[in-house]
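Nothing in this text is a laboratory measurement; each read-out follows from the coordinates by a stated rule. No experiment lies behind these values; they were computed from the predicted model shown. Neighbour counts run over all protein chains shown; Cβ positions are idealised from the backbone, glycine included.
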Amino acid sequence: MGKLSAKLRSVAGSAYGHWCPGCKEMHVIHVGSPNDCGAQWTFDGNVDTPTFSPSVNIRCEWSKLEDEAGLKDEACHYFLKAGQLQFLPDSTHELAGQTVPLPDLPDGVLPCPA
Ligand SMILES: [Zn+2]
């Protein structure tokens, strides 16, 4: 696990972590192999202004946690294109429907193991 740029960190060799200003946490995008929900993305290799496709929907992973913890239904659904986070309207946080630049990774924050 290492920092690839100010914006992106590699996780477990085949996944990438970035800071989400909507959820105020690290999200991990799986490229080399699917995540627990069977989702997998492509990455253009640009660590400064990354593009991942297709869109990332964090609801899937959260749903399992919600089942265990009884938390409210939350979602984070976005495109990450050319270093821009395009949050879709079905996100439940304050940045839903907005496009913001991918922020720098905060110091000292590590993604959960992917
Ligand atoms: Zn998010």
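At a glance:
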item: Distance-filtered residues of segment 26-60 - backbone nitrogen under 14 Å, label point 7 angstrom along ASP90 Cα→Cβ; result: 55-60
item: Binned Cα-Cα distance frequencies in segment 2-101 - 10 Å width, integer %; result: 16, 50, 31, 4
item: Two-site FRET efficiency, SER33 against LYS3, from Cβ-Cβ distance with R₀ of 22 Å, rounded to 0.05; result: 0.55
item: Cβ-derived FRET efficiency at R0 30 Å, GLU74 paired with ASN46, nearest 0.05; result: 0.55
item: Residue-count net charge about LEU105 - beta-carbon cut-off 14 Å; Lys, Arg +1, Asp, Glu -1; result: 0
item: Which of HIS30, HIS93, HIS77, HIS18 has the fewest Cβ neighbours within 10 Å, and the rest in rising order; result: HIS93, HIS77, HIS30, HIS18
